[in-house]
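The values are calculated or read from the model by the stated rules, or taken from the named source; none is laboratory data. Remember, predicted model here, so these are calculated numbers, not experimental data. Note that we place each Cβ from the backbone using ideal geometry, even for glycine, and neighbour counts take in every protein chain shown. Side chains included, ligands, DNA and RNA excluded: accessible areas come from the protein's heavy atoms. Shrake-Rupley method; radii C 1.70, N 1.55, O 1.52, S 1.80 Å.
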Amino acid sequence: MAQNSGEARGWARRWAGGFWILGIWLTGCAAQSPSILAPVSPKGRAEAELFWFILLITAGVFVLVETLLLYAVFRFRARDPRAIPPQIHGNNALEISWTTATAVGLAVIFAMTWRTMAATSTPPADALPVKVIGHQWWWEFQYPTLGITTANELVIPVGRPIRASVTSADVIHSFWVPQLGGKMDAIPGRENAVWLQSDVEGVFYGQCAELCGISHANMRLRVRAVSEAEFQRWVEAQRAPAAQPVEPLAQQGYQVFMSKACVGCHAIAGTPAQGRVGPDLTHFGSRTTIAAGLLENTPENLARWLDNPPAVKPGALMPRLGLTPEEIQALVAYLLSLK
Ligand code: HEC
Ligand SMILES: [Cu+2]
């Protein structure tokens, strides 16, 4: 009896574990999650359609096989466990037919996959070019025809195709914005083209999809799709050189920035700072996040970041610079004035 109830508890625990995993899995379905099944671009839609098509075929195969299996289990089960079943050799007609059916099914999936790839792999000729450069652990975005360099937030005009040339400054990364279309590897020394587009305004989340080191999971990005008019305003603002600090605290922050190691790693257009190791900060104040989507861009979070970057983001390639609280406050005032 005691043994029995112990066994029952073991089962209960296993079931509970199963439900727990199911629960975690289902939280992935929350409306906010960047699912490939909620596409907003022509490429994303073509890929989602292919997914459903293949799922339909494979679900049909699953139901057919399981039905035949259950039928065989019950219809042909051994009624006398000691009896030896009739010894037969195969059935040629059956074997030929299921081999053919499988081959035809796979050929259809192959053809549909080929068709989708051919239709989506080449960006339209009038696409806006953007260079996407993966860095450990943040994203650089350059608009070569517009003369803009920014980081971690890609701003695009709604309904216009974007031709992203994806590459890397260090190790292999992978650029992925699930609702806008499939992944593209970011490989040092290579440029891989991928076509992006959003048919609706909104913010779409992305993530590095290739393990690239300790803060791989903290290497996020956002695509902000805005109206054509808002995009033009954004372009004008981004092309301007950095704002001159006017407030005394911000002016002090400018002095701190220009006298510290910051200038060796960061560029601020129109100032002596021309480093290219970290993100371009010319219009840092116009971005909504810090450190590749890790923190909202607020004064408190920026102060935390400047005090000790590796404590905020494990492995961050911006070192702790031993700034005093006064220096940090001045830098925060200056950096946030860079709209
Ligand atoms: C050795 C190079 C290096 C130095 C020196 C350095 N940084 Fe950085 N900085 C980086 C890197 C790399 C990142 C990106 C970190 C990440 O997101 O993983 C970064 C990120 C930042 C960011 C966030 C940018 C964004 O858009 O997310 C700010 C702000 C910043 N640094 C300010 C400063 C200031 C101010 C100084 C000087 C006090 C400084 N940095 C010194 C390399 C450096
Ligand atoms: Cu990565």
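What to note about this one:
- Checked against the criterion of being free of Cβ contacts under 8 Å to residues at least 12 places away in the same chain and away from ligand 1 (no atom under 16 Å from the Cβ), the candidates ALA229, ALA217, ALA193 yield just one match: ALA229.
- Looking across ILE109, ILE54, ILE36, one residue alone is of a type in the set (A, V, I, L, M, F, W, C) and either modelled with pLDDT under 95 or over 30 Å from VAL177 (Cα atoms) (or both). It is ILE36.
- Of all residues in region 289-339, exactly one satisfies the criterion of being among the basic types (Lys, Arg), in contact (Cβ under 8 Å) with a residue 40 or more places away in the chain and away from ligand 2 (no atom under 16 Å from the Cβ), namely LYS339.
- Filtered by the rule that a residue be closer than 18 Å to GLY275 by Cα and free of Cβ contacts under 8 Å to residues at least 60 places away in the same chain, region 235-254 gives a lone residue, PRO241.
- Sole exception among (1) more than 19 Å from GLN244 (Cα to Cα); (2) part of a loop (DSSP other than H, G, I, E, B) for LEU302, by number: (2)
- Residue count, region 130-140 (criterion: more than 9 Å from ligand 1 (Cβ to nearest atom) and either part of a loop (DSSP other than H, G, I, E, B) or over 16 Å from the mean Cα position of the chain (by Cα) (or both)): 2
- Scanning region 195-216 for residues that are touching a strand residue (DSSP E or B) at 6+ places or on another chain (Cβ under 8 Å) and within 16 Å of ligand 2 (Cβ to nearest atom) turns up TYR205, GLY206, GLN207, CYS208, ALA209, GLU210, CYS212.
- Residues of region 141-169 that turn out to be under 18 Å from the mean Cα position of the chain (by Cα), in contact (Cβ under 8 Å) with a residue 40 or more places away in the chain and either within 14 Å of ligand 1 (Cβ to nearest atom) or surrounded by fewer than 20 Cβ atoms within 10 Å (Cβ to Cβ) (or both), as a count: 7
Conditions (1) more than 11 Å from ligand 1 (Cβ to nearest atom); (2) open to solvent by 40 Å² or more (accessible area, probe 1.4 Å); (3) closer than 27 Å to PHE204 by Cα; (4) in contact with a helix residue (DSSP H, G or I) (Cβ under 8 Å, 6 or more places away or on another chain), marked per residue:
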residue	(1), (2), (3), (4)
GLN238	yes, no, yes, yes
GLY270	yes, yes, no, no
LEU295	no, no, yes, yes
GLU300	yes, yes, yes, no
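- Single residue of region 272-281 satisfying the filter (open to solvent by 10 Å² or more (accessible area, probe 1.4 Å) and part of a loop (DSSP other than H, G, I, E, B)) that is farthest from ligand 2 (Cβ to nearest atom): PRO272
- Every pair of residues 6+ apart whose Cβ atoms lie under 9 Å, when the first sits in region 77-105 and is in contact (Cβ under 8 Å) with a residue 24 or more places away in the chain while the second is surrounded by 10 or more Cβ atoms within 10 Å (Cβ to Cβ) and hydrophobic (A, V, I, L, M, F, W, C): GLY105/ILE57; GLY105/VAL61
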